[in-house]
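Trainee: One structure coming up, written as structure tokens, with questions to follow.
Computed from the coordinates by the stated procedures, all read-outs in this text should not be read as laboratory data. Source: prediction; values computed, not measured. Using ideal geometry, Cβ is built from the backbone for each residue, glycine included, and neighbour counts are taken over all protein chains shown.
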Ligand SMILES: C[S@@+](CC[C@H](N)C(=O)[O-])C[C@H]1O[C@@H](n2cnc3c(N)ncnc32)[C@H](O)[C@@H]1O
């Protein structure tokens, strides 16, 4: 007999099948729907999740109702709420943030989550450069268990919130590393999967960050994959990095070490 959560996944997948996702992507979205519909309210050290229960009730109603668009929308509302848009910064963090001209903590959306499956095998290391409370990297870890998810963020309060969310999602301590720093001072380590959502503007010191990142991605031994939202990295990447997916919001690169163009996956 199927467990209750498997039954919820099946139900959500059958509802969401009408949308534009491929069957595997639809399945991952259904797993997230089942997760969010069943979790207790999250720990809320920053008082950011006041609408969790209301939005969760909406998600459960949409699951019962069976309409695909409504189910996806209800899920997205809860997902965006959990990203915690109003990131708090100390005065010092705020000054560093303003100097680099990055984006506030907008959620990167579910497209990267659902498209990442082929690139996060068990031994992979991922990094989110400008992670906010890290929900995106935590959900990647939850969906596709891998060796390590590194979360780099300038707001210490958001990292504290992210650590609490990590426990809430039941992710073991050693599977997530939190790095509290300004990306302008960060020297990226080799990673299999790099995710970023325009954490700094590509000018001045920000350009140095992208230059450093691109050089590291070019020189590391294992060919990395990069998922970049509101992409600023392209002008800094050498020609052997090719775009294998782009929809105007998300741009995905892989390093092609063979020289010949590779087909899209
Ligand atoms: C647009 S949000 C992306 C959040 C998350 N990565 C996602 O895609 O859902 C950008 C994040 O980068 C962080 N950030 C901005 N400037 C930064 C800097 N100089 N160093 C580190 N993080 C920074 C912000 O605090 C914010 O959390």
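Trainee: Per-residue counts of other Cβ atoms within 10 Å, averaged by peptide: what ranking do you get for 213-223, 33-43, highest first?
Mentor: 33-43, 213-223
Trainee: Mind pulling the angle between the C-alpha long axis of helix 52-65 and the longest principal axis of the chain? Nearest 10 degrees, somewhere in 0 to 90.
Mentor: Taking the Cα atoms of the chain, the angle to 52-65 is about 60 degrees.
Trainee: Mind checking the angle between helix 204-219 and the chain's longest principal axis? C-alpha axes, 0 to 90 degrees, to the nearest 10.
Mentor: 80
Trainee: Calculated FRET efficiency, residue 6 and residue 90, Cβ-Cβ r, R0 45 Å, to nearest 0.05?
Mentor: 0.55
Trainee: OK, next. Could you compute Rg(Cα) / (2.2 N^0.38 Å) for the stretch 34-90, with N its residue count?
Mentor: 1.20
Trainee: Calculated FRET efficiency, residue 167 and residue 121, Cβ-Cβ r, R0 25 Å, to nearest 0.05? List each step's numbers first, then the result.
Mentor: Details: r = 25 Å, r/R0 = 1.00.
With a Förster radius of 25 Å, E is 0.50.
Trainee: Tell me the label-point distance for the pair residue 69, residue 190, using the 7 Å Cα-to-Cβ offset, in nm and rounded to one decimal.
Mentor: Reported label-point gap for residue 69 and residue 190 is 4.8 nm.
Trainee: What's the angle, to the nearest 10 degrees (0 to 90), between helix 68-83's Cα axis and the longest principal axis of the chain?
Mentor: 60
Trainee: Once a ≥ b ≥ c are taken as the square roots of the eigenvalues of the Cα gyration tensor of the chain, is the result rounded (a/c under 1.5), prolate (a/b larger than b/c) or oblate (a/b not larger than b/c)?
Mentor: Note, shape of the chain comes out oblate.
Trainee: Further question on the same structure: Hey, can you rank 44-57, 113-126, 190-203 by average C-beta count inside 10 Å, highest first?
Mentor: 190-203, 113-126, 44-57
Trainee: If you scale each eigenvalue of the Cα gyration tensor by 5 and take the root, what three semi-axes come out for the stretch 179-237, rounded to whole angstrom and sorted largest first? Write out the running numbers ahead of the final one.
Mentor: Numbers: eigenvalues 56, 34, 26 Å².
Values for the stretch 179-237, descending: 17, 13, 11 Å.
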